[in-house]
Structure formats: C-alpha cells, structure tokens
1. Quick one: ranking Ile76, Ile184 by accessible area, 1.4 Å probe, largest first, what do you get?
2. At 1.4 Å probe size, put Met1, Met43, Met49 in order of accessible surface, largest to smallest.
3. Under the rule of at least 5 residues apart or a separate chain, name every residue whose amide H is placed under 5 Å from the amide H of Gln8.
4. Order the following by accessible area, largest value first: Asp25, Asp42. Probe radius 1.4 Å; ligands, DNA and RNA are ignored.
5. Spin-label point model (7 Å from Cα, Cβ direction): what's the His11 to Asp25 distance in nm?
6. Which order do peptides 57-65, 128-136 fall in by mean Cβ count within 10 Å, highest first?
7. Using 0.36 nm per residue of separation minus the Cα-Cα distance, give me the extension gain between Asp69 and Thr118 in nm, one decimal.
Amino acid sequence: MDADLEWQLNHALSIGPWPVHVSTDASHARLRDLDTLEDLRDMHDWGPMFTLRFPDGTTRDVAVGRPDDDGSFTLIDADTAAAIEAAAASAQDSEGPLAEPADVATATAWLHDHGFVTRGYSRSGGISGSRLFERGDGWRARYSCVFGTWSLELSSPESSRFTSFHRLCRDKNATWRDALPTLIGDPPHTSTRLVQ
C-alpha cells in the first residue's frame, strides 16, 4: 500500500512527505523515488521517529530503520519502539556515544589506526544514534544505530553521498573490520591524519 512518510518537528510543522510503498504487514517500506534518499537520511539523522500518512487520512507513528541504498527500511510501531528504548535506557549511560558491539568497536579501532578521527556523534535516547569519522584525504565513515540495529556508511573523496554496507559474515560472526581495507582500498595512513 502507498503512504507518505513525514518527520514531525512539532505538532504544527512536519518535513516531507516522502512517498513510500509499505509492506502488507507494515514492517517494511521502500521509497518510491530514490532521488529523495539523501534527504530522508538527513532527516533520519535528526531522529528515527516519523509519521506514515495513508490515502484515507489515517496516520501511524513509526520508528524508521536507517534507509538502505535501494530506499528500503524497516518500520517499528512507535509504542513498541518506546518500550524497547525504555528497557535499553535503564541498562546504559544516556550521555556520550552509544556502547558499541564488538564488531563496531574493532572497525572503529581500524578507522582510527588508518587516519580517521571522530568528528562527532549524535544520540537519541538509549539505543539510537550515530558517529561520524573523517580522514584528511576526504574519506568519511558513519555508524548509525536505530533501536539497536547498526549500519555502516562510507563516503569516498569523489562523492558527497554515503553508501550503506550490511554486516559481512565471516565464520558466522558479523564483521565490518575485515571488509574496511577492501571497501576503502588502502593501507594504513599516517600523513593524512586529521588533528582532533
């Protein structure tokens, strides 16, 4: 079914709409126009809570997973997302960067060892947020976490757009660290390291 996705700034102002096609069980959606993907990702950086507006006028508040390069993303009912957030918030510190799972931490170490510095992070509650890394030659990397689901995005010096990468499995363990040298295509850097 078709719907419009909107990001609510407050009760009177919304940003969007992004026309989407929603799965029958309303657990996934896909942008109908991929040219709007970067705009949706930019708004998603501000927070994952959106509103679906259906042609009959009904609305549904949802948490949106980080949109993939093909424009698809998961949907979680807002009440369910709030319950997940509340349970996780009591289990960890709500200040500073999110606690990173092992594969994210090892990839972060690789990025730092190869000239990337952390340029900033955002946090939305207990289990959602992002972390941006940059390197002097123009490479950028960003981790995003939406309700505990992590994604890695890379932007090369030739492009201002980020490309998403799913976790790659090695020996049944998910890892990005092993894939980064191939994705970025270079050995350790020391001369282009940015000053923090």
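The values are calculated or read from the model by the stated rules, or taken from the named source; none is laboratory data. Since the model is a prediction, treat every value here as computed from it, not as a measurement. In this analysis, Cβ positions are derived from the backbone assuming ideal geometry, glycine residues included, and neighbour counts consider all displayed protein chains. Side chains are part of the model used for accessible areas, which takes the heavy atoms of the whole protein and leaves out ligands, DNA and RNA. Shrake-Rupley method; radii C 1.70, N 1.55, O 1.52, S 1.80 Å.
1. Listed by decreasing accessible area, they come as Ile76, Ile184.
2. Met1, Met49, Met43
3. Here the answer is Ile15, Thr51, since their amide H atoms fall under 5 Å of that of Gln8.
4. Asp25, Asp42
5. 3.6
6. Final packing ranking: 128-136, 57-65.
7. 15.3 nm
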